[in-house]
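Structure record follows, encoded as structure tokens.
Here, each number is a calculation from the coordinates, and none is a lab measurement. Remember, it's a predicted structure, so these values are computed and weren't measured experimentally. Heads up, the Cβs are rebuilt from the backbone with ideal geometry, glycines too, and the neighbour counts pull from every protein chain shown.
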Amino acid sequence: MIIGIILRNIKTYQGINYIPITDEDKFCGLVGNNGIGKSSILEALDTFFNSRPWNYNIVTKKSGLPTTKPHIIPIFLLDKKLFSGDILQKAEALNSISMSISESDVPLSLRPHAKNFIDHRNQISKNIKSDDLLIIPIGLDYASNISISLFNNRIAVDLLLGKNTDPSITTLSEENLKELLPLLDQIKHIIDYIYIPKEIEPETFTKLETNEIQVLMGETLTQILSDRVPQARINEINTSLNSFIDTLSQELETYSYRTPTDRQQNLRKNDVYNLIIQSFFSARKLHKKQGDHWLEISYLSSGEKQKAIIDVAHSLLSKHRSSGSNLIIGIDEPESSLHMSACFDQFDSLYDISRDCMQVIFSSHWYGFLPIIESGSATVISKNIDAHVFDQINLANYREGIKQLSSISKGKLPYDIRLKSINDFVQSVITSTIGDQPFNWIICEGSSDKIYLKAYLDDLINSKRLRIVPVGGAKEIKRLYNHLSTSYEDFKDDIRGKIILVSDTDKELVSYETKDCKNLFCKRIVNCATTKSTKLVGISSNPVSPATVIEDTLNGKLFHETLSTFTETNPELLGIFDSPQAEISQEYSRIALDLKTSHWEIIEGFFNTGNNKFIFAQRYADRIGAEHEIPSWIQTIREWLA
């Protein structure tokens, strides 16, 4: 997939810009205001892969191409198994440059861009751990010459020309870079890229003879016809037709129907295929079934046409193409012309498409997708004076990521992200719960909460169209509940899906009034020593103690087993397991484990260190078996969703 791209003097991007696209997942959004440069990225990739005409920044008109040196450099993350021999060596060399480059390796003017890449690379290294994956920066300049942009430094000289090269040579020459052409050709041969611009004509795009549809199918019409109209059948047609001509010649005696040459021309395979494509496939247009009738796509509304493109792409990828592992799709504003109620399904389909191909990269003005996608990436594009600024959010940790970015940027994160994300999210939740096939939602505090809930309710994600969204704390739960409850009152008679918000019981309780509704629940988990169970209670209801986090409510036996796997890396836990324990019950962890207060303080310290909460949740989820009882409070949520 493509993890980032360097654009120099391309359309809205003046000078060099390093643009991160993903730090982990293959569902990748580009968001920002009109004219900020979202579509420029998708168009640049089309130029790189499909020879779309270059669209230069206005500065090139003033200073000229040789001076401004426009270039497009995708940064690929690809499996080394895709390469072999000399090409593999070159790919590994570029990966070594990418992994070792530092700010001091590039000229002073390029160091901010190098730093942006290095920060992004380090984040990717944390999220994706594989020795088989290579980071490969390679692209083209305006004259179709190979370029590696800021990666063209002394490290590149040492790796590709040898460390004994003259020390005064600090960059690779144009001739040196030509040695990378086989690698570039191999990458372009491996990857199919389809670009779907906002202004595309759906009637044209969806024709079977278009290149885009054939790429989505994974086979050309010529390949399809070669299976269904083989050469042997064409030979039979030629034999039969020649027999007819021979008969006519005999009947006409001194006359005959012939071609100008002595050798009589027969139907060639391509002649037949072109005739079939022209007369059979070109005559057919996409129709949508409306009741008992079929309606041509040109008669659909603008929103329905936009939806048809995604539906066709989704179906062809999932049902026709044998594999989409080499396909990248770029889509400009997939929500264009759609009603708000249809946006959720559109982006849900986009997410499904991304599961079936190498990557989906899209631009959007609709921020509702940010909190509804289980995993993915969003790059927020804004401008600071004259320079572009790129903030990346991992959608698996969306609201926590927003909070961190807001903190880092000291409140300068674009207002439309902070404001629109909450409004669009609430609208997406409400509209998605209306209809014959409604979605159901669980909104929880953090990423580890989501891991536990997903592990126990995994079967409902498809059967009940369940979405589990972490929002970054009890205060965010409160904020969302206030917005959701207001909207709920307006649509309560139409809402069919369930919306469940779940908070911890904090030592300093975030208190607010909630009311029980048919399809909207806002509850707090709290342990009850008397009943030896975890209760789901109203936010302001009793009991308000003890303080209870999700780790306190898990299956006690499994909690103990999972915690024991951390003693090697966290020796402070050893003392806990030195304490004799009777047969550990499967009641909630706080009561199932007979531990001293000091031991629980050690455990709490463990969970508050680094990424231990998340790692523990993953290990716990992986160890869940049929022999482990489901915590009673999660069973209650399952019953609500039934």
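Brief remarks follow.
- A straight line joining the Cα centroids of region 253-297 and region 304-350 runs 31 Å.
- Look at W633, W294, W640 and count the other Cβ atoms within 10 Å of each Cβ; fewest to most, that gives W294, W640, W633.
- From least to most packed, judged by other beta carbons within 10 angstrom and beginning with the fewest, S149, S511 follow the order S511, S149.
- Trypsin sites (Lys or Arg not before Pro) restricted to DSSP loop in region 146-211 with at most 10 other C-beta within 10 Å: K163
- Sequence-distant residues sharing a close amide H with I443 (under 5 Å, placed H): V469, I500, L501, V502
- Relative contact order of region 433-641, defined on C-alpha pairs under 8 angstrom at six or more residues apart (%): 21
- For the chain, the average shadow cast by the Cα convex hull is 40.8 nm², which is a quarter of the hull's surface.
- In the chain, helices alone account for a calculated mean residue ellipticity at 222 nm of -13000 deg cm²/dmol, with every DSSP H run of four or more residues adding -39,500 (n - 2.57).
- Based on C-alpha pairs under 8 angstrom that are at least 6 apart in sequence, the chain has a relative contact order of 12 percent.
- Loop trypsin sites (Lys or Arg not before Pro), region 69-147, which have at most 12 other Cβ atoms in a 10 Å radius of their Cβ (DSSP): K129
- Where GluC sites (Glu not before Pro) fall in DSSP loop in region 154-201, at most 13 other Cβ within 10 Å: E199
- DSSP bridge analysis restricted to the chain gives an antiparallel fraction near 55%, rounded to the nearest 5.
- Alpha carbon centroid spacing (whole Å) that separates region 566-627 from region 373-397: 36
- Span from the region 427-502 Cα centroid across to the region 19-44 one, whole angstrom: 27
- Taking label points 7 Å from Cα along the Cα-to-Cβ direction, T597 and K492 give a separation of 4.4 nm.
- By the count of neighbouring beta-carbon atoms within 10 Å, fewest first, H293, H599, H388 end up ordered H293, H599, H388.
- Whole-Hz ³J(HN,Hα) from phi, Karplus 6.51 cos²θ - 1.76 cosθ + 1.60, for region 207-221, glycine and proline x: 5, 5, 7, 6, 4, 4, 5, 5, 5, 4, 6, x, 7, 7, 4
- Members of K90/K188; K475/K557; K11/K115; K188/K307 lying beyond 21 Å, as alpha-carbon distances in this model show: K475/K557; K11/K115; K188/K307
- The residue list S632, T565, T206 was ranked by how far each Cα lies along the charge dipole of the chain toward its positive end, using unit charges on Cβ atoms, and T206 comes out on top.
- Basic side chains Lys and Arg get +1 at the Cβ, acidic Asp and Glu get -1 at the Cβ, and with that the dipole of the chain about its Cα centre reaches some 1100 debye.
- Which of S256, A283, A378, positive extreme of dipole for the chain (C-beta unit charges): A378
- nm² value of the averaged projected area, convex hull over the Cα atoms of region 433-641: 11.9
- Each of K269 and S511 was given a label point 7 Å from its Cα along the Cα-to-Cβ line. The distance between the two points is 8.1 nm.
- Beta bridge orientation in region 433-641: antiparallel %, DSSP, nearest 5: 40
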